């Protein structure tokens with residue numbers, strides 16, 4: 001793949017860094033606690049594969065973990081370094097590297113971790129299954145693997161792949177127009193669906209505001225996980241390379257490598273990421 005076909009994730013993260021504040025950091029901390037089902041990570045080691053802005057590396061560090069962050073994108077590494085400088089300057093418990101999850105020689109130097117975290121990253125490497133395989137290798141016995149992978153929608157996923165390649169081939173000045181147009185289309189679809197859901201609840205004598213509240217929680221300025229609607233949309237429209245998988249395929253792939261599923265959140269037939277938390281079961285525990 002040509003370098004100019006890859007989406008500039010780091011450039012997008014640099015823009016996102018401008019809106020990072022304590023409220024977003026706290027949402028990220030809360031999200032990490034929820035998905036890992038922990039109150040803190042004291043005494044745990046945590047690796048953030050494809051750390052991006054560094055937001056979740058910071059969240060893990062605030063929860064007490066020793067953190068290793070790495071990303072193949074130099075601008076993303078710079079973002080994480082900047083975030084560390086802002087909030088954890090001279091923190092010896094947080095190390096940041098410029099490296100790829102596909103670099104087996106680099107991974108061999110890391111050892112294993114109690115929590116291996118890679119959210120919305122491995123499907124953008126151009127070699128998703130190799131990337132998932134390598135992430136699995138980093139999980140310690142009884143450790144957790146926390147990943148999210150784009151949902152396979154069949155025909156629609158192939159259409160989104162075309163959209164993303166088109167974005168990369170457009171002149172830079174035209175890219176925001178494509179993002180805005182697709183965002184408006186997705187907004188209209190979501191608004192229509194929400195209104196229909198509100199009407200159905202009203203007709204069945206249930207609170208009609210619930211669908212609207214759920215939409216606002218997911219789409220407001222401080223989204224779930226502390227992200228931002230516009231920068232997420234840019235990432236979604238432009239994020240290439242782009243691979244997808246059905247949830248059962250990811251489950252079976254990891255199960256064959258000694259993992260058991262402890263958390264799953266799927267998109268059904270929709271777009272977006274299916275979310276997985278696996279636990280690596282040690283041989284000693286299996287025999288016991």
Classified through the alpha carbon gyration tensor (a ≥ b ≥ c as square roots of its eigenvalues; rounded if a/c is under 1.5, else prolate when a/b is larger than b/c, else oblate), the range 1-110 comes out oblate
When 118, 69, 265 are ranked with the fewest other C-beta atoms within 10 Å first, the list becomes 265, 118, 69
Footprinting proxy, 280, 271: sorted fewest to most Cβ within 10 Å, the residues are 271, 280
Expected sort for 80-89, 35-44, 144-153 on mean C-beta neighbours within 10 Å, highest first, is 144-153, 80-89, 35-44
Protection proxy (average C-beta count within 10 Å per residue), highest first, orders 23-31, 171-179 as 23-31, 171-179
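Quick note: the coordinates plus some simple rules give every number you see, no bench work behind them. If you're wondering where the values come from, they're calculated on a predicted model, not measured in any experiment. Every residue, glycine among them, receives a Cβ derived from its backbone with ideal geometry; neighbour counts consider all protein chains shown.
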